[in-house]
Amino acid sequence: MSNVCKITPTASRDIENIMDYLAQKASLKTAERFLERINAKFKALAQFPNLGRRRDELYPGLRSVPLEDYVILYRSLRGEVEVIRVVSGYRDLKALFIENDEG
């Protein structure tokens, strides 16, 4: 069982962009609720790193878990969870990893 959930700088930027979008398109309260839900999901991933679906077709060792209209992409490494990206579930995930070679 892992107890640490690290967020990469890229994933942190993803979250900031999502929050900015939600604050502008909906409200600041909506953005704050999203942050609360994503933090709860990160805590769950830290405790249960195999919670998500395997996504080896995108990158070896990658897993994903949905959160509303978004997908959290992460991997479990040396007793910790590393969040790689947080992106729209409508996004072409294969293209994301080809373009950025992140993982």
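For the stretch 78-103, the tally of residues that are more than 25 Å from Ala31 (Cα to Cα), of a type outside the set (Gly, Ala, Ser) and either in contact with a Cys (Cβ under 7 Å, 6 or more places away or on another chain) or surrounded by 13 or more Cβ atoms within 10 Å (Cβ to Cβ) (or both) stands at 3. Pairs meeting the criteria (first residue in the stretch 3-17 and surrounded by 18 or more Cβ atoms within 10 Å (Cβ to Cβ), second residue aromatic (Phe, Trp, Tyr), beta carbons under 6 Å, at least 6 apart or on different chains) are Cys5/Phe42.
Could you say whether any residue in the stretch 3-11 is within 14 Å of Leu77 (Cα to Cα), in a loop (DSSP other than H, G, I, E, B) and over 16 Å from the mean Cα position of the chain (by Cα)? Yes: the stretch 3-11 contains one or more residues that are within 14 Å of Leu77 (Cα to Cα), in a loop (DSSP other than H, G, I, E, B) and over 16 Å from the mean Cα position of the chain (by Cα).
FYI, it's all coordinate maths here, none of it is from the lab. This structure is a prediction, so every number in the text was calculated from the model and none was measured. Counting neighbours? That spans all protein chains shown, and the Cβs are built from the backbone with ideal geometry, glycine included.
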